[in-house]
Amino acid sequence: PRTAIVIGSGIAGLAAAIRLVKKGYVVKVFESNSYPGGKLHSKRVSGFRFDLGPSLFTMPWLVTELFELHGKNPVDYFQYVKKDVICNYFWEDGTFFPAESDKDFFIRRAAATFDENPNKLNRYLKDNKKKYDLTSSIFLENSLHKTKTYFSKKTLKAIANIATMGISKSLDVTNRAYFNSPKLIQLFNRYATYNGSSPYKTPGIMSMIPHLEMEMGTYFPKGGMHSITKSLFQLANEIGVQFYFEESVKEIVVKNKKAIGIKSSKETYFSDYVISNMDIHPTYKKLLPLEKHPDRILRQERSSSALIFYWGIQKVFPELDLHNILFSNDYEDEFNHIFDKKNLYNDPTVYINITCKENKSDAPEGYENWFVMINTPANYGQNWHKLVAKARSNIISKINSILNINIEDYISTEFNLDPVAIEQNTCSYRGALYGAASNSKFAAFLRHPNFSNNIKNLYFCGGSVHPGGGIPLCLLSSKILSDQIPSLSNGK
Ligand code: FAD
(Lines give C-alpha, C1' and ligand atoms only; values in the text may rest on other atoms or scores of the structure.)
Protein backbone atom coordinates (compact mmCIF):
# COMPACT_ATOMS: atom_id res chain seq x y z
CA PRO A 1 0.00 0.00 0.00
CA ARG A 2 1.00 3.60 -0.57
CA THR A 3 1.77 5.48 2.61
CA ALA A 4 1.79 9.03 3.90
CA ILE A 5 3.54 10.19 7.05
CA VAL A 6 2.20 13.21 8.93
CA ILE A 7 4.55 14.98 11.37
CA GLY A 8 2.43 16.38 14.22
CA SER A 9 -1.14 15.81 15.33
CA GLY A 10 -2.25 19.45 15.59
CA ILE A 11 -5.68 20.21 14.16
CA ALA A 12 -4.19 20.47 10.66
CA GLY A 13 -2.23 17.23 11.03
CA LEU A 14 -5.35 15.37 12.13
CA ALA A 15 -7.35 16.81 9.23
CA ALA A 16 -4.61 15.98 6.72
CA ALA A 17 -4.46 12.38 7.98
CA ILE A 18 -8.24 12.03 7.72
CA ARG A 19 -8.24 13.38 4.16
CA LEU A 20 -5.38 11.18 3.00
CA VAL A 21 -7.04 8.01 4.27
CA LYS A 22 -9.98 8.97 2.08
CA LYS A 23 -7.57 9.20 -0.85
CA GLY A 24 -6.51 5.63 -0.26
CA TYR A 25 -3.26 6.04 1.70
CA VAL A 26 -2.10 4.24 4.79
CA VAL A 27 -1.41 7.16 7.13
CA LYS A 28 0.99 7.26 10.06
CA VAL A 29 1.01 10.29 12.38
CA PHE A 30 4.07 10.98 14.53
CA GLU A 31 3.59 13.18 17.57
CA SER A 32 6.18 14.35 20.14
CA ASN A 33 3.56 14.73 22.85
CA SER A 34 1.63 11.94 24.54
CA TYR A 35 -1.66 13.42 23.28
CA PRO A 36 -3.16 14.68 19.99
CA GLY A 37 -4.29 18.23 19.21
CA GLY A 38 -1.20 20.39 19.79
CA LYS A 39 -2.45 23.79 20.88
CA LEU A 40 -6.02 22.50 20.92
CA HIS A 41 -5.75 20.68 24.22
CA SER A 42 -7.33 20.89 27.68
CA LYS A 43 -6.54 20.26 31.31
CA ARG A 44 -8.52 19.34 34.43
CA VAL A 45 -7.46 20.80 37.76
CA SER A 46 -9.31 20.73 41.12
CA GLY A 47 -12.76 20.19 39.64
CA PHE A 48 -12.26 22.69 36.79
CA ARG A 49 -11.79 21.95 33.10
CA PHE A 50 -9.82 24.46 31.03
CA ASP A 51 -9.36 24.63 27.27
CA LEU A 52 -5.68 25.53 27.07
CA GLY A 53 -5.46 27.14 23.62
CA PRO A 54 -8.10 28.30 21.15
CA SER A 55 -11.37 29.53 22.61
CA LEU A 56 -13.14 31.08 19.63
CA PHE A 57 -14.75 28.74 17.12
CA THR A 58 -15.97 29.85 13.69
CA MET A 59 -16.82 27.98 10.48
CA PRO A 60 -17.75 24.66 12.18
CA TRP A 61 -18.59 23.12 8.80
CA LEU A 62 -14.85 22.81 8.16
CA VAL A 63 -14.81 20.27 11.00
CA THR A 64 -18.06 18.47 10.21
CA GLU A 65 -17.16 17.97 6.54
CA LEU A 66 -14.36 15.65 7.68
CA PHE A 67 -16.91 13.26 9.16
CA GLU A 68 -19.09 13.52 6.06
CA LEU A 69 -16.07 12.75 3.89
CA HIS A 70 -16.02 9.30 5.48
CA GLY A 71 -19.78 8.81 5.30
CA LYS A 72 -20.31 9.44 9.02
CA ASN A 73 -23.01 11.51 10.61
CA PRO A 74 -21.12 14.43 12.27
CA VAL A 75 -23.60 14.73 15.17
CA ASP A 76 -22.63 11.25 16.31
CA TYR A 77 -19.17 12.70 17.02
CA PHE A 78 -19.32 16.45 17.35
CA GLN A 79 -22.01 18.95 18.25
CA TYR A 80 -21.99 22.69 18.70
CA VAL A 81 -24.30 25.61 19.45
CA LYS A 82 -24.41 29.04 17.85
CA LYS A 83 -23.80 31.97 20.17
CA ASP A 84 -26.33 34.83 20.33
CA VAL A 85 -23.80 37.17 21.89
CA ILE A 86 -20.45 37.17 20.08
CA CYS A 87 -18.54 38.99 22.81
CA ASN A 88 -19.10 41.32 25.76
CA TYR A 89 -16.96 44.46 25.53
CA PHE A 90 -16.05 46.60 28.55
CA TRP A 91 -14.23 49.91 28.89
CA GLU A 92 -12.91 51.57 32.01
CA ASP A 93 -15.34 54.52 31.78
CA GLY A 94 -18.22 52.08 32.35
CA THR A 95 -19.19 51.60 28.69
CA PHE A 96 -20.53 48.10 28.12
CA PHE A 97 -21.38 46.65 24.73
CA PRO A 98 -22.64 43.12 24.15
CA ALA A 99 -22.00 42.39 20.45
CA GLU A 100 -25.00 40.44 19.27
CA SER A 101 -24.86 38.06 16.36
CA ASP A 102 -28.14 39.36 14.93
CA LYS A 103 -26.91 42.01 12.51
CA ASP A 104 -29.85 44.39 12.91
CA PHE A 105 -29.63 44.26 16.70
CA PHE A 106 -25.89 44.78 16.49
CA ILE A 107 -26.22 47.82 14.25
CA ARG A 108 -28.99 49.40 16.32
CA ARG A 109 -27.21 48.88 19.62
CA ALA A 110 -23.76 49.88 18.32
CA ALA A 111 -25.19 53.07 16.79
CA ALA A 112 -26.77 53.98 20.15
CA THR A 113 -23.80 52.99 22.35
CA PHE A 114 -21.11 54.64 20.22
CA ASP A 115 -23.20 57.50 18.83
CA GLU A 116 -22.61 56.41 15.23
CA ASN A 117 -24.77 56.54 12.15
CA PRO A 118 -26.45 53.13 11.59
CA ASN A 119 -26.05 53.57 7.81
CA LYS A 120 -22.29 53.72 8.22
CA LEU A 121 -22.34 50.53 10.23
CA ASN A 122 -24.46 48.89 7.58
CA ARG A 123 -22.11 50.03 4.83
CA TYR A 124 -19.06 48.83 6.76
CA LEU A 125 -20.52 45.34 7.22
CA LYS A 126 -21.57 45.18 3.57
CA ASP A 127 -18.12 46.27 2.39
CA ASN A 128 -16.52 43.62 4.61
CA LYS A 129 -18.76 40.98 3.09
CA LYS A 130 -17.73 42.12 -0.38
CA LYS A 131 -14.05 41.80 0.52
CA TYR A 132 -14.65 38.31 1.85
CA ASP A 133 -16.69 37.21 -1.16
CA LEU A 134 -14.12 38.53 -3.61
CA THR A 135 -11.06 37.08 -1.98
CA SER A 136 -11.92 34.02 0.08
CA SER A 137 -11.64 31.57 -2.77
CA ILE A 138 -8.22 32.90 -3.76
CA PHE A 139 -6.67 33.51 -0.36
CA LEU A 140 -8.30 30.82 1.70
CA GLU A 141 -9.49 27.93 -0.39
CA ASN A 142 -6.76 27.51 -2.99
CA SER A 143 -3.04 27.43 -3.23
CA LEU A 144 -1.73 30.92 -3.92
CA HIS A 145 1.29 29.25 -5.37
CA LYS A 146 -0.25 27.42 -8.31
CA THR A 147 -0.71 29.34 -11.53
CA LYS A 148 -4.16 27.91 -12.15
CA THR A 149 -5.49 29.88 -9.16
CA TYR A 150 -4.63 33.09 -11.05
CA PHE A 151 -6.53 32.17 -14.16
CA SER A 152 -9.89 31.69 -12.53
CA LYS A 153 -12.69 34.18 -13.18
CA LYS A 154 -12.96 34.89 -9.45
CA THR A 155 -9.30 35.84 -9.21
CA LEU A 156 -9.50 38.19 -12.15
CA LYS A 157 -12.54 39.84 -10.59
CA ALA A 158 -10.73 40.21 -7.27
CA ILE A 159 -7.69 41.74 -8.98
CA ALA A 160 -9.92 44.23 -10.77
CA ASN A 161 -11.37 45.25 -7.39
CA ILE A 162 -8.12 45.35 -5.49
CA ALA A 163 -8.23 49.14 -4.99
CA THR A 164 -11.44 48.84 -2.98
CA MET A 165 -10.05 46.24 -0.62
CA GLY A 166 -7.82 48.45 1.49
CA ILE A 167 -4.62 46.54 0.86
CA SER A 168 -2.42 49.62 1.01
CA LYS A 169 -4.08 51.10 4.13
CA SER A 170 -3.88 49.72 7.65
CA LEU A 171 -6.94 48.19 9.30
CA ASP A 172 -6.98 51.14 11.71
CA VAL A 173 -6.96 53.72 8.88
CA THR A 174 -9.65 51.69 7.09
CA ASN A 175 -11.87 51.65 10.18
CA ARG A 176 -11.31 55.36 10.82
CA ALA A 177 -12.62 56.13 7.36
CA TYR A 178 -16.01 54.77 8.45
CA PHE A 179 -16.32 55.75 12.11
CA ASN A 180 -15.66 58.58 14.56
CA SER A 181 -16.08 56.73 17.83
CA PRO A 182 -12.65 55.70 19.17
CA LYS A 183 -14.31 52.82 21.02
CA LEU A 184 -16.03 51.42 17.95
CA ILE A 185 -12.78 51.77 15.97
CA GLN A 186 -10.99 49.92 18.78
CA LEU A 187 -13.63 47.18 18.69
CA PHE A 188 -13.15 46.64 14.95
CA ASN A 189 -9.36 47.04 15.22
CA ARG A 190 -9.34 44.13 17.62
CA TYR A 191 -9.89 41.69 14.75
CA ALA A 192 -6.22 42.10 13.75
CA THR A 193 -5.40 39.98 16.78
CA TYR A 194 -7.24 37.04 15.22
CA ASN A 195 -4.17 36.42 13.13
CA GLY A 196 -1.73 37.74 15.70
CA SER A 197 -1.11 41.08 14.02
CA SER A 198 -1.31 44.79 14.80
CA PRO A 199 -4.31 46.79 13.53
CA TYR A 200 -1.90 49.67 12.92
CA LYS A 201 0.11 47.56 10.46
CA THR A 202 -2.10 44.79 9.10
CA PRO A 203 -3.88 45.78 5.85
CA GLY A 204 -7.50 46.96 5.75
CA ILE A 205 -8.54 43.82 3.91
CA MET A 206 -8.53 42.16 7.35
CA SER A 207 -11.87 43.85 8.00
CA MET A 208 -13.23 40.71 6.36
CA ILE A 209 -12.56 38.95 9.69
CA PRO A 210 -15.51 40.59 11.50
CA HIS A 211 -17.59 39.43 8.56
CA LEU A 212 -16.62 35.84 9.34
CA GLU A 213 -17.71 36.27 12.91
CA MET A 214 -20.80 38.41 12.41
CA GLU A 215 -22.24 36.97 9.22
CA MET A 216 -21.18 33.36 9.61
CA GLY A 217 -21.49 33.19 13.38
CA THR A 218 -19.47 32.09 16.39
CA TYR A 219 -20.05 28.70 17.91
CA PHE A 220 -19.31 26.70 21.01
CA PRO A 221 -18.54 22.99 20.69
CA LYS A 222 -20.49 20.89 23.20
CA GLY A 223 -18.02 19.73 25.80
CA GLY A 224 -15.65 22.62 25.02
CA MET A 225 -13.05 23.39 22.36
CA HIS A 226 -11.16 20.22 23.15
CA SER A 227 -14.01 18.15 21.73
CA ILE A 228 -12.85 19.28 18.26
CA THR A 229 -9.59 17.41 18.87
CA LYS A 230 -11.27 14.49 20.61
CA SER A 231 -13.87 13.91 17.91
CA LEU A 232 -11.37 14.13 15.02
CA PHE A 233 -9.01 11.81 16.88
CA GLN A 234 -11.86 9.33 17.33
CA LEU A 235 -12.68 9.49 13.61
CA ALA A 236 -9.01 9.13 12.66
CA ASN A 237 -8.72 6.01 14.81
CA GLU A 238 -11.89 4.52 13.38
CA ILE A 239 -10.70 4.94 9.79
CA GLY A 240 -7.34 3.38 10.56
CA VAL A 241 -4.89 6.26 10.99
CA GLN A 242 -1.88 4.91 12.93
CA PHE A 243 -0.64 7.18 15.72
CA TYR A 244 2.89 7.14 17.16
CA PHE A 245 2.79 9.25 20.31
CA GLU A 246 5.90 10.40 22.17
CA GLU A 247 7.84 9.75 19.00
CA SER A 248 9.44 12.97 17.73
CA VAL A 249 10.52 13.25 14.14
CA LYS A 250 14.19 14.20 13.95
CA GLU A 251 14.76 14.29 10.21
CA ILE A 252 12.87 14.20 6.93
CA VAL A 253 14.72 11.71 4.74
CA VAL A 254 15.38 13.15 1.28
CA LYS A 255 16.88 11.23 -1.62
CA ASN A 256 17.41 12.70 -5.07
CA LYS A 257 15.33 15.74 -4.14
CA LYS A 258 12.40 13.62 -3.05
CA ALA A 259 11.05 13.05 0.47
CA ILE A 260 11.07 9.31 1.09
CA GLY A 261 10.37 9.08 4.81
CA ILE A 262 11.39 10.24 8.26
CA LYS A 263 13.77 9.39 11.06
CA SER A 264 12.08 9.49 14.42
CA SER A 265 13.52 9.30 17.91
CA LYS A 266 13.10 5.52 17.58
CA GLU A 267 13.61 4.41 13.96
CA THR A 268 13.43 5.21 10.26
CA TYR A 269 10.12 4.91 8.40
CA PHE A 270 9.71 5.12 4.63
CA SER A 271 6.67 6.57 2.87
CA ASP A 272 5.46 7.90 -0.45
CA TYR A 273 4.57 11.31 0.97
CA VAL A 274 5.69 13.35 3.98
CA ILE A 275 3.44 16.06 5.38
CA SER A 276 4.78 18.38 8.06
CA ASN A 277 2.30 19.87 10.49
CA MET A 278 5.25 21.14 12.51
CA ASP A 279 5.86 24.90 12.39
CA ILE A 280 7.60 25.67 9.08
CA HIS A 281 10.64 27.30 10.75
CA PRO A 282 11.76 24.27 12.80
CA THR A 283 10.68 21.96 9.94
CA TYR A 284 13.49 23.45 7.86
CA LYS A 285 15.98 24.22 10.62
CA LYS A 286 15.69 20.93 12.51
CA LEU A 287 14.35 18.34 10.10
CA LEU A 288 15.93 19.55 6.84
CA PRO A 289 19.20 21.19 7.95
CA LEU A 290 21.06 20.29 4.74
CA GLU A 291 18.41 21.38 2.25
CA LYS A 292 17.95 24.82 0.69
CA HIS A 293 15.88 27.04 3.02
CA PRO A 294 13.40 29.74 1.95
CA ASP A 295 15.27 32.30 4.07
CA ARG A 296 13.05 35.24 3.24
CA ILE A 297 9.97 33.39 4.45
CA LEU A 298 11.67 32.04 7.55
CA ARG A 299 12.90 35.53 8.52
CA GLN A 300 9.41 37.03 8.55
CA GLU A 301 8.22 38.75 11.70
CA ARG A 302 6.41 36.31 14.01
CA SER A 303 2.80 36.83 15.06
CA SER A 304 1.97 37.74 18.63
CA SER A 305 2.05 35.12 21.33
CA ALA A 306 -0.01 35.06 24.53
CA LEU A 307 0.15 34.87 28.26
CA ILE A 308 -2.75 33.01 29.80
CA PHE A 309 -3.74 32.64 33.42
CA TYR A 310 -6.14 29.79 34.12
CA TRP A 311 -8.04 30.66 37.26
CA GLY A 312 -10.67 28.77 39.20
CA ILE A 313 -12.84 31.61 40.51
CA GLN A 314 -15.01 31.19 43.57
CA LYS A 315 -17.80 33.47 42.37
CA VAL A 316 -20.34 33.70 39.57
CA PHE A 317 -20.35 36.83 37.37
CA PRO A 318 -23.71 37.31 35.61
CA GLU A 319 -22.33 40.31 33.68
CA LEU A 320 -19.80 38.06 31.91
CA ASP A 321 -20.48 35.67 29.02
CA LEU A 322 -18.37 33.08 27.17
CA HIS A 323 -16.18 35.74 25.51
CA ASN A 324 -15.35 39.01 27.27
CA ILE A 325 -12.93 41.81 26.44
CA LEU A 326 -11.76 44.47 28.89
CA PHE A 327 -10.16 47.10 26.68
CA SER A 328 -6.91 48.98 27.21
CA ASN A 329 -7.14 52.79 27.35
CA ASP A 330 -4.48 53.21 24.67
CA TYR A 331 -4.67 50.48 22.07
CA GLU A 332 -2.01 51.94 19.78
CA ASP A 333 0.53 52.11 22.58
CA GLU A 334 -0.34 48.56 23.59
CA PHE A 335 0.47 47.31 20.06
CA ASN A 336 3.64 49.44 19.98
CA HIS A 337 4.76 47.55 23.02
CA ILE A 338 3.87 44.15 21.58
CA PHE A 339 5.35 44.50 18.09
CA ASP A 340 7.96 47.27 18.28
CA LYS A 341 9.28 47.20 21.84
CA LYS A 342 8.61 43.44 22.18
CA ASN A 343 7.49 44.11 25.68
CA LEU A 344 4.28 43.98 27.71
CA TYR A 345 2.04 46.99 28.16
CA ASN A 346 1.07 48.09 31.66
CA ASP A 347 -2.57 48.66 30.74
CA PRO A 348 -3.31 45.49 28.75
CA THR A 349 -6.48 44.51 26.92
CA VAL A 350 -7.68 41.50 28.89
CA TYR A 351 -9.66 38.68 27.30
CA ILE A 352 -11.66 36.45 29.65
CA ASN A 353 -13.11 33.21 28.34
CA ILE A 354 -15.45 31.27 30.64
CA THR A 355 -16.54 27.95 29.17
CA CYS A 356 -18.72 26.98 32.16
CA LYS A 357 -21.16 29.64 30.92
CA GLU A 358 -21.98 27.10 28.17
CA ASN A 359 -20.75 23.84 29.66
CA LYS A 360 -21.81 23.82 33.32
CA SER A 361 -19.63 20.87 34.29
CA ASP A 362 -16.44 22.84 33.53
CA ALA A 363 -16.57 24.37 37.04
CA PRO A 364 -18.02 23.30 40.39
CA GLU A 365 -21.35 24.88 41.44
CA GLY A 366 -20.82 28.51 42.51
CA TYR A 367 -17.44 28.73 40.71
CA GLU A 368 -16.28 29.76 37.23
CA ASN A 369 -13.32 28.59 35.12
CA TRP A 370 -11.57 31.73 33.83
CA PHE A 371 -9.13 31.68 30.92
CA VAL A 372 -7.55 35.13 31.20
CA MET A 373 -5.36 36.06 28.25
CA ILE A 374 -3.33 39.04 27.08
CA ASN A 375 -1.53 39.39 23.75
CA THR A 376 2.23 39.40 24.09
CA PRO A 377 5.20 39.60 21.77
CA ALA A 378 6.65 36.32 20.55
CA ASN A 379 9.53 34.95 22.59
CA TYR A 380 12.73 36.87 21.82
CA GLY A 381 14.42 35.84 25.07
CA GLN A 382 12.68 38.40 27.28
CA ASN A 383 12.74 37.78 31.03
CA TRP A 384 9.37 36.04 31.12
CA HIS A 385 9.57 35.23 34.78
CA LYS A 386 9.61 38.94 35.58
CA LEU A 387 7.12 39.84 32.84
CA VAL A 388 4.59 37.23 33.96
CA ALA A 389 4.60 38.51 37.55
CA LYS A 390 4.15 42.10 36.38
CA ALA A 391 1.45 41.16 33.87
CA ARG A 392 -0.48 39.29 36.55
CA SER A 393 -0.64 42.38 38.68
CA ASN A 394 -1.59 44.61 35.70
CA ILE A 395 -4.32 42.18 34.66
CA ILE A 396 -5.72 42.09 38.18
CA SER A 397 -5.81 45.91 38.33
CA LYS A 398 -7.65 46.02 35.01
CA ILE A 399 -10.24 43.46 36.11
CA ASN A 400 -10.69 45.14 39.48
CA SER A 401 -11.25 48.56 38.01
CA ILE A 402 -13.73 47.39 35.34
CA LEU A 403 -15.65 44.79 37.33
CA ASN A 404 -15.38 46.74 40.57
CA ILE A 405 -14.08 43.83 42.60
CA ASN A 406 -10.94 42.49 44.23
CA ILE A 407 -10.54 39.45 42.00
CA GLU A 408 -7.53 38.03 43.85
CA ASP A 409 -9.79 37.21 46.79
CA TYR A 410 -11.70 34.76 44.57
CA ILE A 411 -8.88 32.88 42.83
CA SER A 412 -8.99 29.34 44.20
CA THR A 413 -6.85 27.53 41.59
CA GLU A 414 -4.18 28.89 39.30
CA PHE A 415 -1.65 27.99 36.62
CA ASN A 416 -0.38 29.79 33.55
CA LEU A 417 1.04 29.40 30.05
CA ASP A 418 3.58 31.83 28.58
CA PRO A 419 5.23 32.10 25.12
CA VAL A 420 8.15 29.92 26.23
CA ALA A 421 5.80 27.12 27.32
CA ILE A 422 3.75 27.46 24.11
CA GLU A 423 6.99 27.01 22.14
CA GLN A 424 8.03 24.03 24.26
CA ASN A 425 4.65 22.30 24.08
CA THR A 426 4.13 22.53 20.31
CA CYS A 427 7.49 23.51 18.80
CA SER A 428 6.00 26.76 17.44
CA TYR A 429 8.87 29.07 16.58
CA ARG A 430 9.19 31.75 19.29
CA GLY A 431 5.85 30.65 20.73
CA ALA A 432 3.97 32.61 18.04
CA LEU A 433 0.28 31.63 17.94
CA TYR A 434 -0.19 32.05 14.19
CA GLY A 435 3.22 31.58 12.54
CA ALA A 436 4.23 34.77 10.72
CA ALA A 437 2.46 38.05 11.49
CA SER A 438 0.32 39.67 8.81
CA ASN A 439 1.82 43.08 9.44
CA SER A 440 2.53 43.91 5.81
CA LYS A 441 0.34 44.39 2.81
CA PHE A 442 1.78 41.38 1.03
CA ALA A 443 1.65 39.12 4.08
CA ALA A 444 -0.98 36.82 2.55
CA PHE A 445 1.33 36.14 -0.41
CA LEU A 446 4.42 35.63 1.71
CA ARG A 447 3.35 32.62 3.73
CA HIS A 448 5.03 29.37 2.86
CA PRO A 449 3.12 27.32 0.25
CA ASN A 450 1.55 23.99 1.21
CA PHE A 451 4.15 22.11 -0.85
CA SER A 452 7.90 22.21 -1.21
CA ASN A 453 9.35 23.86 -4.31
CA ASN A 454 12.58 21.87 -4.11
CA ILE A 455 11.70 18.54 -2.58
CA LYS A 456 9.17 16.33 -4.28
CA ASN A 457 6.44 14.65 -2.23
CA LEU A 458 6.93 17.00 0.72
CA TYR A 459 3.88 19.00 1.85
CA PHE A 460 3.01 21.36 4.70
CA CYS A 461 -0.08 22.18 6.72
CA GLY A 462 -0.90 24.14 9.87
CA GLY A 463 -0.88 27.64 11.23
CA SER A 464 2.56 28.70 9.98
CA VAL A 465 1.90 28.09 6.27
CA HIS A 466 -0.72 29.16 3.71
CA PRO A 467 -3.49 30.25 4.29
CA GLY A 468 -2.68 31.04 7.95
CA GLY A 469 -3.25 30.38 11.63
CA GLY A 470 -6.42 29.75 13.59
CA ILE A 471 -8.54 26.61 13.45
CA PRO A 472 -10.47 27.36 10.21
CA LEU A 473 -7.39 28.30 8.22
CA CYS A 474 -5.43 25.33 9.56
CA LEU A 475 -8.26 23.06 8.40
CA LEU A 476 -8.21 24.75 5.00
CA SER A 477 -4.44 24.24 4.75
CA SER A 478 -5.00 20.49 5.01
CA LYS A 479 -7.68 20.59 2.36
CA ILE A 480 -5.45 22.56 -0.02
CA LEU A 481 -2.55 20.14 0.42
CA SER A 482 -4.61 16.99 0.11
CA ASP A 483 -6.15 18.38 -3.11
CA GLN A 484 -2.61 18.29 -4.52
CA ILE A 485 -1.97 14.64 -3.66
CA PRO A 486 -3.41 12.14 -6.16
CA SER A 487 -6.24 9.83 -5.17
CA LEU A 488 -5.34 6.17 -5.53
CA SER A 489 -7.56 4.20 -7.86
CA ASN A 490 -8.42 1.82 -5.06
CA GLY A 491 -9.16 4.80 -2.75
CA LYS A 492 -12.33 4.30 -0.76
P1 FAD B 1 -0.21 22.83 16.48
O2 FAD B 1 -1.40 22.91 17.34
O3 FAD B 1 0.84 23.86 16.62
O4 FAD B 1 0.40 21.37 16.67
C5 FAD B 1 1.59 20.95 16.07
C6 FAD B 1 1.84 19.55 16.60
O7 FAD B 1 3.02 19.04 16.01
C8 FAD B 1 2.06 19.53 18.11
O9 FAD B 1 1.23 18.56 18.69
C10 FAD B 1 3.53 19.19 18.26
O11 FAD B 1 3.82 18.46 19.43
C12 FAD B 1 3.76 18.37 17.01
N13 FAD B 1 5.16 18.37 16.59
C14 FAD B 1 5.94 19.45 16.36
N15 FAD B 1 7.16 19.03 15.99
C16 FAD B 1 7.14 17.68 15.95
C17 FAD B 1 8.12 16.69 15.61
N18 FAD B 1 9.34 17.00 15.21
N19 FAD B 1 7.75 15.39 15.69
C20 FAD B 1 6.50 15.03 16.08
N21 FAD B 1 5.56 15.94 16.42
C22 FAD B 1 5.87 17.25 16.33
N23 FAD B 1 -7.22 29.76 16.97
C24 FAD B 1 -8.53 29.94 16.77
O25 FAD B 1 -9.07 29.56 15.72
N26 FAD B 1 -9.31 30.55 17.72
C27 FAD B 1 -8.79 30.98 18.91
O28 FAD B 1 -9.51 31.48 19.77
C29 FAD B 1 -7.40 30.79 19.14
N30 FAD B 1 -6.83 31.16 20.31
C31 FAD B 1 -5.59 30.70 20.63
C32 FAD B 1 -5.12 30.87 21.94
C33 FAD B 1 -3.92 30.32 22.32
C34 FAD B 1 -3.45 30.48 23.74
C35 FAD B 1 -3.15 29.60 21.38
C36 FAD B 1 -1.85 28.96 21.80
C37 FAD B 1 -3.57 29.49 20.07
C38 FAD B 1 -4.80 30.04 19.68
N39 FAD B 1 -5.32 29.89 18.37
C40 FAD B 1 -6.63 30.15 18.13
C41 FAD B 1 -4.48 29.38 17.27
C42 FAD B 1 -4.70 27.91 17.04
O43 FAD B 1 -4.56 27.22 18.24
C44 FAD B 1 -3.66 27.39 16.07
O45 FAD B 1 -3.64 28.16 14.87
C46 FAD B 1 -3.90 25.93 15.68
O47 FAD B 1 -4.35 25.16 16.75
C48 FAD B 1 -2.58 25.39 15.16
O49 FAD B 1 -2.74 24.08 14.72
P50 FAD B 1 -1.62 23.36 13.91
O51 FAD B 1 -2.28 22.24 13.20
O52 FAD B 1 -0.84 24.32 13.10
O53 FAD B 1 -0.62 22.72 14.95
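The values are calculated or read from the model by the stated rules, or taken from the named source; none is laboratory data. Keep in mind that this is a model prediction, so the values were computed, not measured. Note that we place each Cβ from the backbone using ideal geometry, even for glycine, and neighbour counts take in every protein chain shown. Surface areas here come from the heavy atoms of the whole protein model, side chains and all, with no ligands, DNA or RNA. Shrake-Rupley method; radii C 1.70, N 1.55, O 1.52, S 1.80 Å.
Both the radius of gyration and Dmax for the range 102-216 are 14.8, 48 Å, in that order, over alpha-carbon atoms. Ordering 475, 345, 86 by the projection of their Cα atoms onto the charge dipole of the chain, which places +1 on the Cβ of Lys and Arg and -1 on the Cβ of Asp and Glu, puts 475 at the extreme positive end. Placing a pseudo-label 7 Å from each Cα along the Cα-to-Cβ vector at residue 445 and residue 93 gives an inter-label distance of 4.2 nm.
Using θ = phi - 60° in the Karplus curve 6.51 cos²θ - 1.76 cosθ + 1.60, the 3J(HN,Hα) couplings for the range 119-126 round to 5, 5, 4, 4, 5, 4, 5, 5 Hz; x is entered for Gly and Pro.
Would you mind checking 341/398; 390/441; 126/398; 263/285; 126/148 for any pair whose Cα atoms are more than 24 angstrom apart?
Working: 341/398 21 Å; 390/441 34 Å; 126/398 34 Å; 263/285 15 Å; 126/148 29 Å.
As for pairs spanning more than 24 Å Cα to Cα, those are 390/441; 126/398; 126/148.
Each residue, residue 250 and residue 105, gets one label point 7 Å from its Cα in the Cβ direction; the gap between the two is 5.7 nm. With a Förster radius of 41 Å applied to the C-beta separation of residue 130 and residue 343, the computed FRET efficiency comes to 0.60. Here residue 146 is the anchor, and the aspartates and glutamates within straight C-alpha reach of less than 15 Å, apart from those fewer than 8 places off in the same chain, are 483.
For the peptides 383-393, 18-28, the ranking by packing is 18-28, 383-393, with the highest mean count of neighbouring Cβ atoms within 10 Å listed first. Determine, from the Cβ-Cβ distance of residue 483 and residue 415 and an R0 of 60 Å, the FRET efficiency 1/(1 + (r/R0)^6), rounded to the nearest 0.05. The value I calculate is 0.90. The H on the amide N of residue 251, modeled in the peptide plane, is under 5 Å from the matching H of 263, each at least 5 residues off or on a different chain. Based on protein heavy atoms only, the range 102-216 ends up with 46 Å² per residue of surface accessible to a 1.4 Å probe.
Extension gain for residue 295-residue 257 works out to 11.8 nm (0.36 nm per residue, less the C-alpha to C-alpha distance).
Note on residue 406 and residue 393: the extension gain reaches 3.5 nm, defined as 0.36 nm multiplied by sequence separation minus the Cα-Cα distance. More than 31 Å apart: what percent of Cα pairs in the chain qualify? Taking all Cα-Cα pairs of the chain, the fraction more than 31 Å apart is 43 percent.
Proximity of backbone amide H atoms, modeled 1.01 Å from N, is registered between residue 456 and 258, 259 at under 5 Å, excluding neighbours fewer than 5 places apart on the same chain.
Sorting 359-372, 457-470 by their mean Cβ neighbour count within 10 Å, with the most densely packed peptide first, gives 457-470, 359-372. Excluding same-chain neighbours fewer than eight residues apart, the lysines reachable from residue 23 by a Cα-Cα span under 18 Å are 72, 479, 492.
Here the Karplus curve 6.51 cos²θ - 1.76 cosθ + 1.60, taken at θ = phi - 60°, turns the phi angles of the range 275-284 into couplings of 10, 9, 9, 6, 3, 4, 4, x, 4, 6 Hz, with x standing for Gly and Pro. In terms of Cα to Cα distance under 17 Å, which lysines are near enough to residue 120, apart from those fewer than 8 places away along the same chain? Once the sequence-local lysines are set aside, what remains near residue 120 is 103, 129, 130, 131, 183. Please give the FRET efficiency for residue 168 paired with residue 242, using the beta carbon to beta carbon distance and R0 = 41 Å, rounded to the nearest 0.05. Computed FRET efficiency for residue 168 and residue 242 comes out at 0.25. Here the Karplus curve 6.51 cos²θ - 1.76 cosθ + 1.60, taken at θ = phi - 60°, turns the phi angles of the range 306-322 into couplings of 8, 10, 10, 9, 9, 10, x, 10, 8, 5, 10, 10, x, 6, 9, 10, 4 Hz, with x standing for Gly and Pro.
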